[in-house]
Amino acid sequence: MSNQSTGVLERLFHLSENNTTVKRECLAGLTTFVSMAYILFVNPIILGDAGMDAGAVFTATALSAIMGCLLMGFLANYPIAIAPGLGDNAFFTYSVVLAMGIPWQQAMGGVFVASILFTLVSLFKIREIIIDAIPQDLKYAMAAGIGIFISFVGLQGGGIVVSDPSSLVAIGSFKVPTTWLTIFGLFVTAILMAKKVPGSIFYGIVLTAIMGLVTQIIPPPESIIFMAPSLAPTFGIGVSNMTSILSDPQMWAVVVIFFLVAFFDTAGTLIGLAQQAGIMRNGKMPRIGRALMADSLSMLGGAVMGTTPTAAYVESSAGIAVGARTGLTAIVVAVLFAFSMIFSPLLAVVTAQVTAPALIIVGVLMTSSLREIHWDQFEVAFPAFMVIIGMPLTFNISYGIAFGFLFYPILMMIAGRRKELNPLIWVMFVLFLVLLYTLTMLKF
C-alpha cells in the first residue's frame, strides 16, 4: 500500500492514535467476517421457512450488512460489524408468521415501523442517554455475559455441547468427525494464543478449515463464482405493508417487541465490545450517538430491502481480539460481504465447526471484565450475576439485561442507596417488564 493511501486511512480512522496499523485492521476485518459469514446462509433458511424468497433474502442480508458496516466504520470509527441479527429472524418466522399466523408481508411491515421508531429515538439521542445511564457494574456484567454467551454458541456450533431432553444440555458425541474438527481448532488456536502469536484467532480459523478440507470433513466448494440473486421478491414489501398494523392489534405487539429487543440487544453488545476494545472512557462510549445512528439506519435499510432487524455482532469480538481498534475493520468486513455476493460458494468452507474455536476463546477474553464488578456489594453483585447467567441460559442478550434491571433498582433501594439511582433506571425497569410480559404472552 502506497504512503498516500496509508495517509488517507490515517486521517479517516486515526490508526496511530488508536495504536493499530492497516495490516492489523485488515486481518481483524477478515477474522470478524469469517466468524459471522454464517448469517448469509442461516438468514435465508430461517426467513425462507416464513415463505420469503431465500435468494432475495441472501442478497438483502449481504446488502444490509454492507450498509451497516460502512456506516459504523465511517460514522463512528468503531471496529464493530453489523448484519441481520440471529434471533430476530427466528422470532419473525416461528413466533410471528407461523405461530401467530401473520403473513410475512405484514410482519415485514411491522419490522419497517419498528425500524422507523428505532431511527427516531437514535436521532433524538434517547438511546444514547439511556446507555449512559446504565450503571458501570452492569456494563461490566454485559461484557462478561456476552463472552459466556458466544462461548456457548461456539460449543454448541462445534458439537461439543448438544441439547438433551433430560438435562437441557449434555456433552456431544466424539464419534462425530466435525466435533473432532472443532477440538482440533480449539487446541491449535489456544496454543497460538498461549505463544502470543499475532492474529492467533484468524490463523486458527484458517488452519481448522484446511484440516477440514484435507480430511474431507468439509467438502470442497462446487464452484467459485455465483451471481447474487434478484432482490425483487422482497424489496419494498415492508414499506407497502406498514399500514397493516392499523387493522391488526397483534401487529402492535410485534412492533413493540422488535423495537425493544433491537434496542437493548445492540446496546448490550456495543457496551460489551467497547469494553473489550478499551474504547470506554469514564464508563461512557465516545461517539456512541454515531454508532447508534449507524445501527438504526442499517435496520431501516434492511427492512426496506426485505430482512429482519440488523444488530451489532458479538462476533466482532473475534476481530477485536486480533487487534481491531478502528472503523477500518468494519469497512473491510463490508468489502468482504460485497465480495461474498459473487463468491458465495467459497463461504461454504467456513462451517460452524471452523469458527466455533474462535468464539469459545473470545469468550475467555471478554469475561476478564468480571474482575471489575463490586462482588462485595450484594445489591450490585446479584443483578450483575443475573445479567451474566441470563444471557447464555436464555440464549438471548436482551433477556439477560432484563433480569439485571429488574433486580438492580429494587436491591439498591433496599440497601439504602436510592439516591444513586438514575431516574432512567426505573424507566428501563418498566420497559423490561413490558418486554418480558409481552414475549411470554406471545410464546405461551
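Numbers at a glance
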{"item": "Given (1) surrounded by fewer than 17 Cβ atoms within 10 Å (Cβ to Cβ); (2) modelled with pLDDT under 95; (3) more than 16 Å from the chain's Cα centre (by Cα), number of the condition G390 does not satisfy", "result": "(1)"}
{"item": "So P309, is it in contact with a strand residue (DSSP E or B) (Cβ under 8 Å, 6 or more places away or on another chain), surrounded by 23 or more Cβ atoms within 10 Å (Cβ to Cβ) and either under 30 Å from P219 (Cα atoms) or not acidic (D, E) (or both)", "result": "yes"}
{"item": "Residue that is surrounded by the fewest Cβ atoms within 10 Å (Cβ to Cβ), among those in region 142-162 that are among the small types (G, A, S) and modelled with pLDDT of 90 or more", "result": "G159"}
{"item": "Of residues in region 264-293 being polar (S, T, N, Q) and in contact (Cβ under 8 Å) with a residue 40 or more places away in the chain, the one nearest to L123 (Cα to Cα)", "result": "T266"}
{"item": "Flag for F263 being in contact with a Leu (Cβ under 6 Å, 6 or more places away or on another chain), assigned to a helix (DSSP H, G or I) and crowded, with 20+ Cβ neighbours inside 10 Å", "result": "no"}
{"item": "When residues of region 285-306 are limited to those that are open to solvent by 10 Å² or more (accessible area, probe 1.4 Å) and part of a helix (DSSP H, G or I), the one nearest to I129 (Cα to Cα)", "result": "G289"}
{"item": "Qualifying position, being out of contact with any helix residue (DSSP H, G or I) (no Cβ under 6 Å at 6 or more places or on another chain), among the β-branched types (V, I, T) and within 18 Å of I320 (Cα to Cα), among T59, T31, T21", "result": "T21"}
{"item": "Positions within region 94-129 being of a type in the set (F, W, Y) and in a helix (DSSP H, G or I), in sequence order", "result": "Y94, W104, F112, F118"}
{"item": "Residues of region 63-83 classified as under 24 Å from Q275 (Cβ atoms) and touching a strand residue (DSSP E or B) at 6+ places or on another chain (Cβ under 7 Å), total", "result": "7"}
{"item": "Residue in region 37-58 that is in contact with an Asp or Glu (Cβ under 8 Å, 6 or more places away or on another chain) and either under 27 Å from I205 (Cβ atoms) or among the aromatic types (F, W, Y) (or both) present", "result": "no"}
{"item": "Of residues in region 313-327 being open to solvent by 10 Å² or more (accessible area, probe 1.4 Å) and among the aliphatic types (A, V, I, L, M), the one nearest to the chain's Cα centre (by Cα)", "result": "V314"}
{"item": "Some residue of region 186-205 being at positive phi and of a type outside the set (D, E, K, R)", "result": "yes"}
{"item": "Boolean, I320 is of a type in the set (V, I, T) and in contact with a Ser or Thr (Cβ under 7 Å, 6 or more places away or on another chain)", "result": "no"}
{"item": "Residue in region 231-252 that is of a type in the set (D, E) and in contact with a strand residue (DSSP E or B) (Cβ under 9 Å, 6 or more places away or on another chain) present", "result": "no"}
{"item": "Residue selected from region 67-90 under the condition open to solvent by 10 Å² or more (accessible area, probe 1.4 Å) and under 15 Å from the mean Cα position of the chain (by Cα), by the criterion farthest from A267 (Cα to Cα)", "result": "A90"}
{"item": "Residue match in region 189-208 (condition: surrounded by 17 or more Cβ atoms within 10 Å (Cβ to Cβ) and assigned to a loop (DSSP other than H, G, I, E, B))", "result": "yes"}
{"item": "Contacts under 7 angstrom Cβ, first residue in region 318-331 being touching a residue at least 24 places away in the same chain (Cβ under 8 Å), partner among the charged types (D, E, K, R) and assigned to a helix (DSSP H, G or I), 6 or more apart", "result": "G323/R24; A324/E25; T326/E25; L328/E25; T329/E25"}
{"item": "Answer residue from region 15-44, given it is β-branched (V, I, T) and within 18 Å of the chain's Cα centre (by Cα) and is surrounded by the fewest Cβ atoms within 10 Å (Cβ to Cβ) among those", "result": "V42"}
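The values are calculated or read from the model by the stated rules, or taken from the named source; none is laboratory data. Keep in mind it's a predicted model, so treat the numbers as computed, not measured. Counting neighbours? That spans all protein chains shown, and the Cβs are built from the backbone with ideal geometry, glycine included. For the accessible areas, the whole protein counts, side chains as well, though only heavy atoms, and no ligand, DNA or RNA atoms are used. Shrake-Rupley method; radii C 1.70, N 1.55, O 1.52, S 1.80 Å.
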